Amino acid sequence: MDTSKFSRYPGSRAFWFLFGMGLGSMGLWNGMQRDLIGETLCGVGLILLGIQGLLRPVVLSRVAKISKEEMTRDVSIGSDVLHGALSLAMAAALLVGIILKYVVKI
């Protein structure tokens, strides 16, 4: 893993990591304390969001000479398979967690 890329976009990486970990850990803790499966899964999904934001930050730029894909690839840490797996796991955990939390209410 190439960790030299951590110095690029540190503000975006820190924001998404702290956002996901902060909300995710609170949701995970509350869900485990109250035995709520939906809340726990939402917490896990948000923690995965924080990890994804740390490894592949959101890049906002007006520079048109480099395409968005190239810029994202330049700052990403890890393989595309890792990011795809993280995205699928995050989406599945959040979707199932929201359904269980608000529809089924468990």
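The values are calculated or read from the model by the stated rules, or taken from the named source; none is laboratory data. Remember, predicted model here, so these are calculated numbers, not experimental data. Note that each Cβ is placed from the backbone with ideal geometry, even for glycine, and that neighbours are counted across all protein chains shown.
Miscellaneous remarks
- Scanning region 70-106 for residues that are in contact (Cβ under 8 Å) with a residue 12 or more places away in the chain and over 17 Å from the mean Cα position of the chain (by Cα) yields Met71, Asp74, Ile99, Leu100, Lys101, Tyr102, Val104, Lys105, Ile106.
- Residue in region 54-75 that is modelled with pLDDT of 95 or more and closer than 30 Å to Met26 by Cβ present: no
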